[in-house]
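Data block below; observations after.
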Amino acid sequence: MPEPIIQVGDLHKWYSGVHALKGVSLDIYANEALGLIGDNGAGKSTLINILSGTQRQDDGWIRLEGQPVDFSNPRDAMERGIETIYQYNSMVPTMTIARNVFIGREPLKFSLFGIGVMDHKKMRDDSVSAIADVDLHLRSPDAIVGELSGGQRQGVAIARAMHFKSKVMILDEPTNHLSVKETKKVIGFVRGLKDQGVTGIFISHNMHQVFECCDRVVAMARGEIVMDKRIEETSIEEVSEIL
Ligand SMILES: Nc1ncnc2c1ncn2[C@@H]1O[C@H](COP(=O)(O)OP(=O)(O)O)[C@@H](O)[C@H]1O
Ligand SMILES: [Mg+2]
């Protein structure tokens with residue numbers, strides 16, 4: 001067995017009275033697509049918010065490629081190669097696609113006096129290729145994100161994550177509010193991640209979607225993992241009965 005890319009050990013999280021994670025332990029292997037399912041309130045988002053640096057655990061540990069990590073914010077996690085795409089992703093609707101691809105990581109060019117200024121040409125050119133790489137048919141990198149459909153916005157978020165070579169891509173309910181066609185596209189992205197050497201964590205409450213694009217299914221209920229099986233060793237029926 002190879003060493004897991006991410007190891008989570010005995011993770012606990014309390015929100016005032018609510019014990020949202022009750023000692024969750026999980027190994028995630030490089031290049032697998034892991035489907036995380038469970039009812040509303042099961043603790044899925046809490047678990048991935050800790051992995052992505054949005055929240056902090058109250059107890060337990062995380063290792064990334066064998067090294068202990070403790071992220072204080074999403075930037076820490078991104079710098080270590082963990083990108084998260086949320087249902088309502090962190091795009092600035094009034095800005096262009098090119099600016100959104102590079103948000104927080106704008107390339108600089110240096111002026112005569114050594115002052116860094118944003119390299120708009122590089123942002124445009126690189127965002128064109130980033131978007132082409134994820135097979136997104138957008139008219140122009142200058143299009144305003146607020147004018148895109150939900151699926152196109154997810155596409156931009158995915159293009160951004162791929163461009164910055166994330167090792168792990170977490171998608172938290174990325175297909176909510178998407179059309180059937182857009183959902184298909186996101187499922188296709190998840191399925192293609194391993195060919196690009198990216199580990200995927202796909203959160204959904206739609207079991208059909210998980211069975212379409214994941215290698216392994218982990219089910220959570222009331223803050224605990226209640227099932228962990230390879231897709232070929234289980235069925236939608238079995239998972240439905242557990243939840
Ligand atoms: N910021 C928060 N403040 C208080 N309670 C929260 C917060 N986030 C989640 N919870 C509670 O923690 C539990 C797990 O929630 P969550 O991780 O969002 O589950 P899921 O993503 O599986 O729907 C739920 O009982 C939820 O109400
Ligand atoms: Mg959630």
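Which one of A132, A98, A157 has the biggest mean-square fluctuation once the chain is modelled by GNM with Cα springs under 10 Å?
The residue with the greatest mean-square fluctuation here is A132.
I need to check one value: relative contact order of the range 93-243, counting alpha carbon pairs closer than 8 Å and at least 6 residues apart, in percent.
Relative contact order of the range 93-243: 17 percent.
Return the loop-located trypsin sites (Lys or Arg not before Pro) in the range 1-86 (DSSP other than H, G, I, E, B) with at most 12 other Cβ atoms within 10 Å of their own Cβ; answer none if there are none.
Working: sites: K13, K22, K44, R56, R63, R75, R80; in loops: R56, R80.
Passing sites in the range 1-86 are R56.
In degrees, nearest 10, range 0 to 90: what is the angle between the Cα axis of helix 180-192 and the longest Cα principal axis of the chain?
Relative to the chain, helix 180-192 is tipped by roughly 80 degrees.
Roughly how many debye, to the nearest 20, is the charge dipole of the chain about its Cα centre, given +1 on each Lys and Arg Cβ, -1 on each Asp and Glu Cβ, and no other charges?
Values: 27 positive and 33 negative charges, 184 e Å.
Value, rounded to 20: 880 debye.
Given H placed 1.01 Å from N in the peptide plane, which residues other than close sequence neighbours of G35 have an amide H under 5 Å from its amide H?
F202, D215, R216, V217, V218
Order these peptides, 191-203, 229-241, by their mean beta-carbon neighbour count within 10 angstrom, highest first.
Result, highest mean first: 191-203, 229-241.
I'd like the chymotrypsin sites (Phe, Trp or Tyr not before Pro) in the range 83-161 restricted to DSSP loop residues with at most 14 other Cβ atoms within 10 Å, sorted by number. Don't jump to the answer; show the numbers that get you there.
On the way: sites: Y86, Y88, F102, F110, F113; in loops: Y86, Y88, F102, F113.
Hits after loop and neighbour filter: Y88, F113.
Can you sort M118, M162 by how many other beta carbons sit within 10 Å, fewest first?
Going from sparsest to densest Cβ surroundings: M118, M162.
Would you work out if the range 36-157 is rounded, prolate or oblate? Take a ≥ b ≥ c from the square roots of the eigenvalues of the alpha-carbon gyration tensor; rounded if a/c is under 1.5, else prolate when a/b is larger than b/c, oblate otherwise.
Taking the square roots of the gyration eigenvalues as a ≥ b ≥ c, the range 36-157 is oblate.
Could you give each residue of the range 195-203 its phi-based ³J(HN,Hα) in whole Hz, using Karplus coefficients 6.51, -1.76, 1.60 with θ = phi - 60°, and x for Gly or Pro?
Karplus-based 3J(HN,Hα) across the range 195-203 equals 5, 9, x, 10, 8, x, 10, 10, 9 Hz.
Assign one of three labels to the chain, namely rounded, prolate or oblate, based on the Cα gyration tensor with a ≥ b ≥ c the square roots of its eigenvalues; rounded applies when a/c is under 1.5, prolate when it is not and a/b is larger than b/c, and oblate otherwise.
Prolate.
Excluding same-chain residues fewer than 8 positions from K121, which aspartates and glutamates have a Cα within less than 13 Å of its Cα?
E106, D142
Could you tell me how many degrees, from 0 to 90 and to the nearest 10, lie between the Cα long axis of helix 120-133 and the main elongation axis, the longest principal axis, of the Cα atoms of the chain?
40 degrees
All of the numbers you see were taken from the coordinates with simple rules; none came from a lab. Just so it is clear, the structure is predicted and the values come from calculations on it, not from any experiment. Heads up, the Cβs are rebuilt from the backbone with ideal geometry, glycines too, and the neighbour counts pull from every protein chain shown.
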